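Data first, discussion second: the structure below is written as C-alpha cells.
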Amino acid sequence: MSKPLSEQELHNLAMNIVGKQLEADGYEFLSVNSKLKKNPQFVCLKNKQLHFVVVKSILYPNDPKDLDWDSLTKIKEHALKFEAETFYAGVGLVNAADYHKPVSLNEDYIVDYDGLVKI
C-alpha cells in the first residue's frame, strides 16, 4: 500500500522539477521558498536580470496551463519594484498507472510541464 503525497510533498516535487530546469538553463538561485502559498518560490539571477518564478503543482484532471491571473498579477507588481521579470511554472502531475489514483510515494508518475511562462 503506497502513501499518497501530501500537498506540501507535491509542491516540493514540482519545485524540484522546475529547480533542475532553472539550474540547467544557467539560473543562479538567490532565494528558494518551498512554503505552500508563499510566492515566489524562486528568486534567481540570469544575465544580471532578476527573475521571480512561481511554481504550482497541478493534479490531473486540472490543466497546469490554466493561470490564476489574480495572484500572478500581485506577484508581478511586487516583482516590478525589484525590476524583476516574473514567470509561472505550472507542473501537472498524475499517477502513471491510474489517472484516477493520487500521486503516491514510490509509484511512477507523469509530469506535464512545458517550462516557464512569462507573466
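The values are calculated or read from the model by the stated rules, or taken from the named source; none is laboratory data. Being a predicted model, the structure only gives us computed values, none of them experimental. Backbone-built Cβ (ideal geometry, glycine too); neighbour counts: all protein chains shown.
So that you can scan it fast, the table gives a plain yes or no per residue for (1) touching a residue at least 24 places away in the same chain (Cβ under 8 Å); (2) hydroxyl-bearing (Ser, Thr, Tyr); (3) farther than 25 Å from GLU77 by Cα; (4) surrounded by 14 or more Cβ atoms within 10 Å (Cβ to Cβ):
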| position | (1), (2), (3), (4) |
| --- | --- |
| LEU5 | yes, no, yes, yes |
| ILE17 | yes, no, yes, yes |
| LYS20 | no, no, yes, no |
| LEU30 | no, no, no, no |
| LYS38 | no, no, no, no |
| VAL54 | yes, no, no, yes |
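ASP98 falls short on exactly one of the conditions (1) without any contact (Cβ under 8 Å) to a residue 24 or more places away in the chain; (2) among the acidic types (Asp, Glu); (3) in contact with a Phe, Trp or Tyr (Cβ under 9 Å, 6 or more places away or on another chain), and that condition is (3). Residue-level check: of (1) over 30 Å from ASN106 (Cα atoms); (2) loosely packed, with under 13 Cβ neighbours inside 10 Å; (3) within 15 Å of the chain's Cα centre (by Cα), ASP66 misses just (1). For segment 99-119, the tally of residues that are assigned to a loop (DSSP other than H, G, I, E, B) and among the aliphatic types (A, V, I, L, M) stands at 4. Here GLU9 meets each of (1) part of a strand (DSSP E or B); (2) over 11 Å from the mean Cα position of the chain (by Cα); (3) surrounded by 13 or more Cβ atoms within 10 Å (Cβ to Cβ) with one exception, condition (1). Any residue at all in segment 37-59 that is of a type in the set (D, E, K, R), under 16 Å from ASN12 (Cβ atoms), within 17 Å of the chain's Cα centre (by Cα) and not in a loop (DSSP other than H, G, I, E, B)? Looking through segment 37-59, at least one residue is of a type in the set (D, E, K, R), under 16 Å from ASN12 (Cβ atoms), within 17 Å of the chain's Cα centre (by Cα) and not in a loop (DSSP other than H, G, I, E, B). The residues in segment 51-66 that are closer than 9 Å to PRO40 by Cβ and out of contact with any Asp or Glu (no Cβ under 6 Å at 6 or more places or on another chain) can be counted, and the count is 4. Here GLY90 clears all of (1) crowded, with 19+ Cβ neighbours inside 10 Å; (2) more than 28 Å from SER31 (Cβ to Cβ) except the condition numbered (2). Scanning segment 12-36 for residues that are modelled with pLDDT of 95 or more, among the aliphatic types (A, V, I, L, M) and not in a helix (DSSP H, G or I) turns up LEU30, VAL32. Could we say that ASN95 is crowded, with 19+ Cβ neighbours inside 10 Å and either out of contact with any Gly (no Cβ under 8 Å at 6 or more places or on another chain) or modelled with pLDDT of 95 or more (or both) here? Criteria met by ASN95.
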